[in-house]
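A short worksheet on the structure shown next.
Please treat every number below as a calculation from the coordinates, not as lab data. Everything numeric in this text was worked out from a predicted model, so none of it was measured. FYI the Cβ positions are ideal-geometry reconstructions off the backbone, even for glycines, and counts take in every protein chain you see.
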Amino acid sequence: MDRQRLVGASLAGGILVTLLTGLVPLRTLVGATQYGFPLAWLIRRVLAPEYFPWRVSWLGLVVDLIFWTALVLMILLLYDRFGHRSTDDQPT
């Protein structure tokens with residue numbers, strides 16, 4: 001896999017995983033529920049109905065995006081390095 005496709009795939013995977021972690025409640029504070037992993041980046045506050053209850057922590061979102069992109073990149077690099085081994089023990 002060439003370098004541009006590898007970075008693009010890892011960025012796409014990082015964005016997907018980050019958005020999926022927005023569905024997982026991390027912890028509950030008094031008056032709020034937080035979503036995202038490892039950092040909470042989406043917060044639902046308990047407010048009166050006329051106020052918008054959702055708040056996004058942009059720093060947490062960027063840190064989560066960097067974390068998951070780096071993890072997906074590492075997995076893709078390991079797969080690219082060791083996943084194409086032949087059965088006759090000759091290097092590829």
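Observations
- Estimated purely from DSSP H runs of n ≥ 4, each contributing -39500 (n - 2.57), the mean residue ellipticity at 222 nm for the chain is -16500 deg cm²/dmol once divided by its residues.
- Relative to the dominant Cα principal axis of the chain, helix 58-82 is inclined by about 20°.
- Going by neighbour counts of Cβ atoms within 10 Å, the residues Thr18, Thr33 line up, fewest first, as Thr33, Thr18.
- Reference-scaled alpha-carbon Rg (2.2 N^0.38 Å with N residues) for the chain: 1.52
- For the range 1-36 versus the range 53-83, the gap between their alpha-carbon centres in whole angstrom: 6
- Taking amide H atoms as placed 1.01 Å from N in the peptide plane, the amide H of Leu26 lies under 5 Å from those of Gln34, Tyr35, Gly36, each 5 or more residues away in sequence or on another chain.
- Relative packing of peptides 49-62, 67-80 - highest average C-beta neighbours within 10 Å first: 67-80, 49-62
- Angle of helix 3-21 to the longest C-alpha principal axis of the chain, folded into 0 to 90 degrees and rounded to 10: 30°.
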